[in-house]
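Comments concern the structure below.
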Amino acid sequence: MKKRTISQYIFKPWYTAFVISVIYAVVGGMWVFFSEPVLAQWIDEPDNLRNSKIVSQWLFIVISAQLLFLLIRHREVAFSRNEESLYRVNRALRVFSECKKAITWDMDEFELLRKICRILVALGGYRLAWVAYASHDIDKSVKPVAYWGNDEGYLHSLKVTWDESIYGQGPAGTTIRTGQTVIVQDIMSNPNFKPWREEALNHGFASAISLPLHNTSKIYGALVILAAEADSFDLEEASQLEELADDLANRIRTLHSEAAQKKVKEEQLLLAKVIHQAAEGVLTFDQDARVQYLNPAWEVICGVNAKDVFNNSLHELACCRRNEQFYEAIRQVIETGDVSTGQYLNVREDGSRYRIEANISPVMAEYSDVIRYVAVIRDVTYESQLEDQLRTAQKMEAIATLAGGIAHDFNNILAAILTNTELVLDDLPKDGLLREHLEIVYQAGARGKSLVKQIVTISRQNVQERKPVCVAFIVDECLNLLRATLPTTIEFRKDIAPNLDPVSADPTQLHQVILNICTNAADAMEEQGGILEIRLEEVTVASRYDDIHASLHPGSYLKLSIKDTGHGMERDVLERVFDPFFTTKGLGKGTGLGLSVAHSIIKNHGGLLNVESIPGKGTEFHIYLPKIYCIEQQSAANDSLMVANGHERILFVDDEPALAFAGQKMLEKLGYEVVSGTDSREALQLFLEQPASFDLVITDQTMPHMTGEMLAREMLKVREELPIILCSGNVLNDSSGVSMAKARAIGIREFMNKPYERSEMSQLIRRTLDNRPVDGASWRQS
C-alpha cells in the first residue's frame, strides 16, 4: 500500500476549511493594523489619504478574494488527488488479494501464471501482462509461457532474447540477464525499446515494467506488465509489484519442489512395485542381520512365509541354518562389507532342493556409511537342469557315435562267427558232441547280435516310423539290459500273457519309456532292494470305463504294468510326477525329464500312462497302448524261417576277407553261382567288363576307397535295373552316410543289417530277384 504524503494529511475536508479561515483572518488583521500607518507615511494630504483608504479597502477585498480563491482551489485539487490515490490504493489491494489467493491455492504452474496475468489486467487496469521464460538454446531466446490482455498477435510477433544483442536489450531480456527490475516509463522515447516500439504503439502500450522471477540460484524468467499511459509505474508501485513477483517466484519454486518430491515418491513407489513383482527374490536386512523386507519371489523361491521371517534375525532362521553356504556368504558380507556373488544349492523346508544365483551387497549412504544390506537371488534350477540335459544329450551323442562304431566292428565279427558256424553245422550230424558245442557258439553269437542291436536302438537319436511291434520282445530286450546294470538285491518278476497282438509304435521310443520307468523303480529300491514286477496283458476299454481311462477311446489295448516295492510317493509328489524338470533325486541324479518324456511318448501313440503309489509300499505305472491286428505278420515271420535256394549269379563284395569267404560259401550252398571280392574298385572293374553276367550284387556299405553307395551308383549308370542289396554293420541313417530313403533314391533295392542269418539273407535274395523287372533278363541273353 502507498504511504500518505503530508499534503494528504493536511488537506482533509475539515482541516482545509480551518486553515483557510485562519489564513484569511491573519491576512485581514495584518491589513487592518498595518495598511493605514504605511499609507500615512507615504501620503501627507488628508484628501489623498482618505482616497487611499478607499483604494486600500478595495485592494483588500480584491486580494482577499484572490487568496480565498487560491486556497479553495488548492483544496479541491488536493481532494481530487486524494480520491485518485484512494482508488489506486483500493485497486492495488484487490489485485494483491486476488493474487495471494491464486498463489496460495493454485497447484498448476502455468495455470497460476495465466491467472496472475488475468488479475493484473482485469483488476489492475493494465493493458497486457505476460510471463517470459528463458530458453537455454543457442539463441538464448525468451518464450512467453502465459499472458492475458490486449495481445492480438503481439507476443507471437516478438523476437526477444536475453543475450547482449539488440533483441536482448528490452525489459524482459535485460531482467533475465541482470536480475534487475526494468521500468520503461515512455515506450515512445526509450531507445532500448526500438525493435518492438512500432508494434507496441500499435497495440496501445505506452509504458512497461519487467520484474525478475528467480529461484535460489538463478533468474529463469520475468513478469512483464504493459500499461496504456506513460509514467504508469512509480517507485512505490514498482516496489509493490516486485513483492508480488517475489511471492510468485517463491510459489513456483514450491511447486517445482513439490513436483520433484512427487516424482521421487512415484519413482520410489514404482521401484517398490517392480521389486515386489520381480521374478528375482529380494531380501534386505540391517547390520544385525534383522530382516527388513522380502518380496513374494523370495517367498516362492525359498519356500518361506514373509510373516515368519520379517523383523527376525537371519542368525535365528531355520532356512539359514539349513543352507549353511548361503548363510555363510551373508555373514561374510556383513563382516567385510564386500560384495559376494555365487551359486548355492539350497534346501526348502519340505526337503526339495533348488539352485540359486545370489548377489549379496551392502547399501551405502551418501557418506559411504552402510545403512543396510540387500540380497538378490535368481532361481537357476531350470537352467541347471537344462545344462544337465545338454550334458546328458552330449554324452548320449558320444555314446551313440561310440555305439555305432563298436556295432559296426562287432557286427562284422559276429557275422563271420554266425555264418561260418552255420556252414559247419550243416556238415555235422545232428547227434554229435561237436554239434552241441557249435550250437552253443551259434547261440552266443545270436545273443551278441541281439545285444548289439539293443545298444544301437537305445543310443539312436533319430525318430523312426511306427510299425507293428511285439511289446513282449521289447520288454525282454529291456530286461536283458537292466539285469546287467542293476544290483542283485532287486528281483525281477515277469508275467506276460501269451499270443498278444502287436501295437503300432516306434520301438526306440518304447525302449526309452520302459527303461525310464524301470530305472526310476530301481532307484526307489536302491537302498533296501525289492521286487521289480512287469506284467503285460490285454484289456478292453468300454465307452465309460472309469474316470482314470476317460481319455482312451473304446477298444482293445495292451496294458503294461511296472511295479516296484520301493518307498513310494506322497500325494504332492504324485501330482507333479509328470511335470517337466520335476525331480526328487537332487541335482546330479536326474533331469526330471524321464517321466515327462515317457508320458508324452505314450500320449502320442494314442495310449495312456498313469501311476499309483502308496508311501512306504511302492509305486505302479500302467501303460495302455492300442493294439492292432496283423495276421500277415505272423505268416511272414513263419516264412522267414525257411531257407530259399536259387541258381542265379551273384557278385558279393565285402572288405572283410572272412565275411567275403563266409558269404560266398553260404550262397554257394544255397545253389547260387558266386563271385566274391574284398576291393570295391576291383569289383567295379569286374562288373564293367561283364555287366550282363551278374543277376544280383550284394555289397557292404563301409569299405575303403569306394563305399557301397558309391559302387552302386557306378553300377546303376551301366544297368539301371540291376538288383543291389546293401549290407551294413551300422544302422542306415544320415549319420552313417546313407539313409534308406537316399539309398532307394539311388536305385538300391533292399537292405540287410549285419550280422545276418542264412534264412534272412536267403529270403531277401529270393524276394529281390523275384521282384526284378522282366526285361532285365535281356542282359543275360545279349
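Odds and ends about this structure:
- For beta carbons closer than 8 Å, sequence separation of 6+ or different chains, a first residue in region 406-430 that is without any contact (Cβ under 8 Å) to a residue 12 or more places away in the chain and a second that is assigned to a helix (DSSP H, G or I), the qualifying pairs are L428/L434; L428/R435; L428/L438; P429/R435.
- All of L428, L434, L486, L438 fail the test of being surrounded by fewer than 18 Cβ atoms within 10 Å (Cβ to Cβ), aliphatic (A, V, I, L, M), part of a loop (DSSP other than H, G, I, E, B) and at pLDDT 75 or above, apart from L428.
- Conditions (1) at pLDDT 70 or above; (2) closer than 23 Å to I406 by Cα; (3) not in a helix (DSSP H, G or I): number failed by C478: (3)
- Tally, over region 340-367, of residues that are over 25 Å from Y382 (Cβ atoms) and either open to solvent by 90 Å² or more (accessible area, probe 1.4 Å) or touching a Gly at 6+ places or on another chain (Cβ under 8 Å) (or both): 4
- Filtered by the rule that a residue be under 22 Å from L128 (Cβ atoms), at pLDDT 85 or above, open to solvent by 70 Å² or more (accessible area, probe 1.4 Å) and not charged (D, E, K, R), region 78-115 gives a lone residue, F110.
- Helices (runs of 4 or more DSSP H) wholly inside region 642-721 that include at least 2 residues being open to solvent by 10 Å² or more (accessible area, probe 1.4 Å) and acidic (D, E): 680-689, 708-718
Residues are listed down the side, and each one gets a yes or a no for (1) open to solvent by less than 60 Å² (accessible area, probe 1.4 Å); (2) assigned to a strand (DSSP E or B); (3) at pLDDT below 85:
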position	(1), (2), (3)
F578	yes, no, yes
K585	no, no, yes
L595	yes, no, yes
S600	yes, no, yes
K603	no, no, yes
V611	yes, yes, no
T619	yes, yes, no
I623	yes, yes, no
Y629	no, no, yes
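- Within region 499-543, considering residues that are of a type in the set (S, T, N, Q) and closer than 20 Å to F473 by Cα, the one surrounded by the fewest Cβ atoms within 10 Å (Cβ to Cβ): N499
- Scan of region 309-326 for residues that are part of a helix (DSSP H, G or I), out of contact with any Phe, Trp or Tyr (no Cβ under 8 Å at 6 or more places or on another chain) and not small (G, A, S), ordered by number: V309, H315, E316, C319, R322, E324
- For region 131-146, the candidate set comprises residues that are in a strand (DSSP E or B) and among the hydroxyl-bearing types (S, T, Y); within that set, the residue that is least open to solvent (accessible area, probe 1.4 Å) is S141.
- The one condition in (1) within 22 Å of L595 (Cα to Cα); (2) surrounded by fewer than 19 Cβ atoms within 10 Å (Cβ to Cβ); (3) touching a helix residue (DSSP H, G or I) at 6+ places or on another chain (Cβ under 7 Å) that I496 fails to fulfil: (1)
- Test: V309 is among the aliphatic types (A, V, I, L, M) and either in contact with a Gly (Cβ under 9 Å, 6 or more places away or on another chain) or under 23 Å from R331 (Cα atoms) (or both): yes
- Every residue from region 327-368 that is part of a loop (DSSP other than H, G, I, E, B), more than 21 Å from Q385 (Cα to Cα) and either small (G, A, S) or touching a residue at least 60 places away in the same chain (Cβ under 8 Å) (or both): G337, A365, S368
- Some residue of region 535-553 being modelled with pLDDT under 80, under 14 Å from F621 (Cβ atoms) and of a type outside the set (G, A, S): yes
- Tabulated pairs, region 745-770, first closer than 21 Å to H408 by Cα and assigned to a helix (DSSP H, G or I), second at pLDDT below 85 and among the charged types (D, E, K, R), C-beta under 6 angstrom, 6+ apart or interchain: R758/E422
The values are calculated or read from the model by the stated rules, or taken from the named source; none is laboratory data. Given the structure is predicted, the values throughout are model-derived calculations rather than measurements. Ideal geometry is used to build each Cβ from the backbone, glycine not excepted, and the neighbour counts take in all protein chains shown. Ligands, DNA and RNA are stripped out before the accessible areas are found, and what is left, the full protein with its side chains, is counted by its heavy atoms. Shrake-Rupley method; radii C 1.70, N 1.55, O 1.52, S 1.80 Å.
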